[in-house]
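To keep things clear, I will list the structure first and then write my remarks on it.
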Amino acid sequence: MARKRRGEKVDGWVVLDKPEGLNSTRAVSIVRRLFDAAKAGHAGTLDPLATGVLPIALGEATKTVPFVMDGRKAYRFTVRWGEARTTDDREGEVSDTSDVRPAEADIRAALPRFLGEIEQVPPRYSAIKIDGERAYDLARANMPIEMKSRIVTLTRLDLLHNVDADHAEFEVECGKGTYVRSLARDLALVLGTVGHVTSLRRTRSGPFTLDHAISLDLLEESAQGPGLQSHLLPIETALDDIPALALNGSEASQLRSGQPIPMFRAADIGRLGDLDKVDIVCAMAEGRPVALTRFAEGRLHPVRVFNL
């Protein structure tokens, strides 16, 4: 039996401006098909309700996914006051109501309570695993769920404007693991009412912003001509915040073979500079990434080697 064709070797990032109604797994599948790529994955799920920045890694770029996942995120979202929903967004069923509508001054006064490290309970309808099962599967089956709180970090939370008495629009910058739906729910409770998210748009994920993003429609149009590759960003785009170190040819070959590079000489230490104070270093040669490395005991050790 002939071996099933897996696709072409395509390496790089595509930053999709995900449309509403499409889940992240399906979005990855579409992009992978358009590029005929052998391997693909995404760096952080977006709910079907959400739109915006969905970084999709193709080929060797999948080795850099954790660095994007660990990066800071930014969202623009709208809260509907006076109505709680089972999913903490508009897709759920109404679970509680309130006649209270917070004043703008009260909203602004409450926002500092959510800055810095805060304790947050994820939504019941989320992808978190509980005893090996997804929370949303347990919730749909009406199984009892105990969602444990976690510490998340918010660096900015701004009220953009009150749309009307029932709705307010916000922007937030936050760290890994933050749920905007939980934030909206908890903010409403602090304000003496209930609420849920009616719209959610991710504007940043790690180093990627809406400036990098392309709509699915335009990407599909590009697939009909020669311009598709122009939307493929280099692997190292995901590593903007990671120190880089230029190698010569023999050093690059040594790392590619999985061998550490000795860095004992004064000239070597001069190249490293303060890199011995960081965890991960991106080793480069001829303008391309060779490996993600770690400096320890006078050697540069390969952690993930790129097959480019």
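Every read-out reported here was derived from the displayed coordinates using simple, explicitly stated rules and does not represent laboratory data. Please read all numbers here as calculations on a predicted model, not as lab measurements.
Any idea what Rg and Dmax come out to for the range 73-205 if you just take the C-alpha atoms, in Å?
14.4, 44
Exceeding 25 Å between C-alpha atoms, which entries from my cross-link table qualify? They are LYS9/LYS63; LYS129/LYS176; LYS63/LYS176; LYS18/LYS148; LYS18/LYS176.
In this structure, LYS18/LYS148 exceed 25 Å between Cα atoms.
With the alpha-carbon atoms as the only input, what is the per residue convex hull volume for the range 151-218 in Å³?
Normalising the Cα hull of the range 151-218 by residue number yields 124 Å³.
Run lengths n ≥ 4 of DSSP H only: what is the helix-derived mean residue ellipticity at 222 nm for the chain, with -39500 (n - 2.57) per run over all residues, to the nearest 500?
The per-residue figure over the chain is -5500 deg cm²/dmol.
What fraction, in whole percent, of alpha-carbon pairs in the range 20-125 exceed 22 Å separation?
Distances greater than 22 Å cover 51 percent of the Cα pairs.
Average the reciprocal distances over every distinct pair of alpha-carbons in the chain, invert the result, and give the Kirkwood radius in Å. Could you put the intermediate results ahead of the total?
Numbers: mean 1/r = 0.0460 Å⁻¹.
This gives a value of 21.7 Å.
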